[in-house]
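Worksheet for the structure shown next.
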Amino acid sequence: MEKKELLYEGKAKKVYKTEDPDVLIVSYKDDATAFNGLKKGTISGKGAINNRMTNFIFRKLEEKGIPTHLIQELNDRETAVKKVEILPLEVIVRNYSAGSFAKKMGMEEGIKFSRPTLEFSYKNDDLGDPFINSYYALALDLATQEEIDAVTEYAFLVNDVLKEYFDGLNIDLIDFKIEFGRYHGQVILADEISPDTCRLWDKDTRQKLDKDRFRRDLGGTEDAYEEVFSRLGIQ
Ligand code: TMP
């Protein structure tokens, strides 16, 4: 599998075409941004960690019946994936109060919910990814009802699998963001699952092991990513 022309460069990944129109190669960067690109930096080693962690988790999710775009890990930073049409929705599941939820609700962070929440943002950088509900998504033709139903079901299933898995690593899954794509009439999980897109807290120390260390200038960002990666025990 070989990279052809660059199709798209995002904040954390580059996406290349291949000779197969159904296959793309994603290349994970060490670049990090926050607050819709306002804050910029580098998290050394992040690209390889996020690539390998995403693939490891996507394999686990596939075993549980969640279809993903993963085809094959090519090297530390690059992976061949199915070419999907990304649904312009950020799907966020929360188990504990944190981040924008805590701010909006005037709550401290780390309060465990009675049951998980699910919310959508409209993926649109110009608008700053505004919070929307399923009626907005339908009204704006961002997705069909069937797609929203599938995304909702998969998102809670991903949460169940990840919560249990991270529990075994002595990590609380506070919240996470996932994205889905259309592939031959099906909705499948795409993008990544990594410390960039999850809040992960050590169960004992409540230490943040995720991108909030970068967002909030807490220091020790590289160490936190490496700590999560080492707990995964990937060979
Ligand atoms: P939030 O509390 O800022 O809304 O973030 C919820 C989750 O989504 C958190 O795990 C971080 C993740 N996230 C992204 O992956 N990308 C983003 O652009 C934002 C704002 C959050």
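The values are calculated or read from the model by the stated rules, or taken from the named source; none is laboratory data. Not measured: the values here are computed from a predicted model. As a convention, Cβ positions derive from the backbone with ideal geometry for all residues, glycine included, and neighbour counts pool all protein chains shown. What goes into the accessible areas is simple: the full protein's heavy atoms, side chains included, and nothing from ligands, DNA or RNA. Shrake-Rupley method; radii C 1.70, N 1.55, O 1.52, S 1.80 Å.
Over the chain, with the other protein chains present, what is the accessible area per residue in square angstrom, probe 1.4 angstrom? Kindly include the intermediate steps, with their values, before the conclusion.
Working: 11580 Å² over 235 residues.
That works out to 49 Å² for each residue.
So which helices of the chain fit the span-like rule, where a helix is a whole DSSP H run, its Cα atoms reach 15 Å or more along the axis, and its mean Kyte-Doolittle is at least -0.5? Write out the running numbers ahead of the final one.
Values: long enough: 46-63 (25 Å, -0.74); 145-167 (33 Å, -0.21); 221-232 (17 Å, -0.72).
Span-like helices here: 145-167.
Given a Förster radius of 35 Å and the C-beta distance between Asp160 and Leu140 as r, what FRET efficiency does 1/(1 + (r/R0)^6) yield to the nearest 0.05? Walk me through the numbers before you get to the answer.
On the way: r = 29 Å, r/R0 = 0.84.
Here the calculated transfer efficiency is 0.75.
What percentage of the solvent-accessible surface of the stretch 3-161, computed with a 1.4 Å probe over protein heavy atoms, is contributed by carbon and sulfur atoms? Display every interim value, and only then the final one.
Values: 4180 of 8330 Å².
C and S atoms contribute 50 percent here.
What length, rounded to one decimal in nm, is gained on full extension from Phe131 through to Lys104, with 0.36 nm per residue of separation minus their alpha-carbon distance? The partial results should precede the final answer.
On the way: separation 27, 0.36 × 27 = 9.72 nm, distance 1.15 nm.
Between Phe131 and Lys104, full extension yields 8.6 nm more.
Pull out the extension gain between Asp217 and Gln235, defined as 0.36 nm times the separation in residues minus the alpha carbon to alpha carbon distance; nm, one decimal.
On the way: separation 18, 0.36 × 18 = 6.48 nm, distance 3.07 nm.
The span from Asp217 to Gln235 would gain 3.4 nm if fully extended.
How much accessible area does Val187 have with a 1.4 Å probe, in Å² rounded to the nearest 10?
Around 10 Å² of this residue is reachable by solvent.
Just the C-alpha atoms of the chain: what Rg/Rh do they give, with Rh taken as the Kirkwood radius?
0.93
According to a simple spin-label model (label point 7 Å from Cα along Cα-to-Cβ), what is the distance in nm between Asp76 and His184?
Placing both labels 7 Å beyond Cα along the Cβ direction yields 3.4 nm.
Hey, how many Å between the Cα centroid of the stretch 51-127 and the Cα centroid of the stretch 197-235?
16 Å
What whole-number volume per residue, in cubic angstrom, does the convex hull of the C-alpha atoms of the stretch 1-138 give?
Details: hull volume 22.2 nm³, N = 138.
Taking the convex hull of the Cα positions in the stretch 1-138, it is 161 Å³ per residue.
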